[in-house]
Amino acid sequence: MVTVPNISDKNTISEQPTTERLTPEKLPQHVAIIMDGNGRWAQQRKLSRIEGHRAGAESVRVIVRACRRIGIPILTLYAFSKENWQRPSREVQALWRLLSNYLKSELDEMMEHSIRLNALGDITELPKAVYRLLQSTMDKTASNHEMILNLALSYSGRSEIVRATQKLAAACLTKELEPGDINEAIFSSYLFTANMPDPDLLIRTSGEQRISNFLLWQMAYTELYVSPVYWPEFREEQLMEALVDYQRRERRFGKTGEQKQKEV
Ligand code: IPE
Ligand code: IPE
Ligand code: MG
């Protein structure tokens, strides 16, 4: 069970001058980010792709800290897709090294700021030592309740849906469930994001306009924001731009603008 932190009891929103442009009541409850462009950032500077990932890890630190301070209850970062296993093994290994370093260096901060780490994806596919470190970080942070940091690792939206379907089918075989009882809420509860609200906002960096197999089910009504900036350059200022843009939008969920106005 995942308890979704409630932003109403936060006293951090008004403390920082950078958050002045935001309306606290309209903050997204769940922000998802496709962190893209590390390789191109490095290439531009004649550095190795691995250097790009190292710089990208710094953006992760900055953005997690900023979201915590702003009061975003759930942040989901796409760190490694199932498709990314096809990359050169040197690059893949470097990514796991960077993840391990991140988990070790950020544990104190996660404890201090009550951030709960959670993984989405087939994490048993990760190298054993990384898997163990991830698991122990999740255990240590399990009762933190101010913010959830979801890391999507060896993640694929389609395989998440297939996995949920297999589990539902198994539950039907044992008569725990009747096929006719399956509804959207039950289906959602079989996903890695069980008990979490769907993302309100998806940010993708590096200008690419695609979903790349991320949170396919959960993204049904997510607002999309593409930043032209490569991930290593995506810092607090760019995050603020995305949040301000999000707050200007009218989310209609199929209704007319007029109907939504009346609800307010
Ligand atoms: C995102 O940057 C990081 C991962 C996918 C792990 P990329 O490595 O995809 O960078 P580009 O897209 O090649 O520039
Ligand atoms: C998506 O980025 C996956 C992550 C950010 C981890 P990619 O760089 O792998 O996406 P594509 O292949 O360009 O769509
Ligand atoms: Mg990419």
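The values are calculated or read from the model by the stated rules, or taken from the named source; none is laboratory data. Bear in mind the structure is a predicted one, so any value in this text is a computation, not a measurement. Cβ coordinates were reconstructed from backbone atoms using ideal geometry, including for glycine residues, and neighbour counts include every protein chain displayed. Remember, those area values only see protein heavy atoms, side chains included, never the ligands or the DNA or RNA. Shrake-Rupley method; radii C 1.70, N 1.55, O 1.52, S 1.80 Å.
Structure notes:
- P(r) of the chain over all Cα-Cα pairs, binned every 5 Å from zero, in whole percent: 1, 5, 12, 16, 19, 18, 14, 8, 5, 2, 1, 0
- For the chain, size of Cβ-based charge dipole, Lys and Arg +1, Asp and Glu -1, in debye: 740
- With R₀ fixed at 30 Å, the C-beta to C-beta distance from residue 21 to residue 61 puts the FRET efficiency at about 0.85.
- Taking each DSSP H run with n ≥ 4 as -39500 (n - 2.57) and averaging over every residue of the chain yields -13000 deg cm²/dmol at 222 nm.
- The residue 87 and residue 165 beta-carbon pair, evaluated with R₀ = 25 Å, returns a calculated FRET efficiency of approximately 0.35.
- Within the range 165-190, backbone nitrogen closer than 11 Å to the virtual label 7 Å beyond the Cα of residue 217 toward Cβ: 165-169, 183-190
- Solvent-accessible area assigned to carbon and sulfur over the chain amounts to 50 percent, based on a 1.4 Å probe.
- Protein heavy-atom accessible surface, 1.4 Å probe, per residue over the chain: 51 Å².
- Projecting the Cα atoms of 232, 43, 80 onto the charge dipole of the chain (Cβ charges, centred on the Cα centre) puts 43 farthest toward the positive pole.
- Estimated inter-spin distance, residue 45 and residue 122, nm [label 7 Å along Cα→Cβ]: 3.4
- Taking every alpha-carbon pair within the range 122-212, the share separated by more than 23 Å comes to 43 percent.
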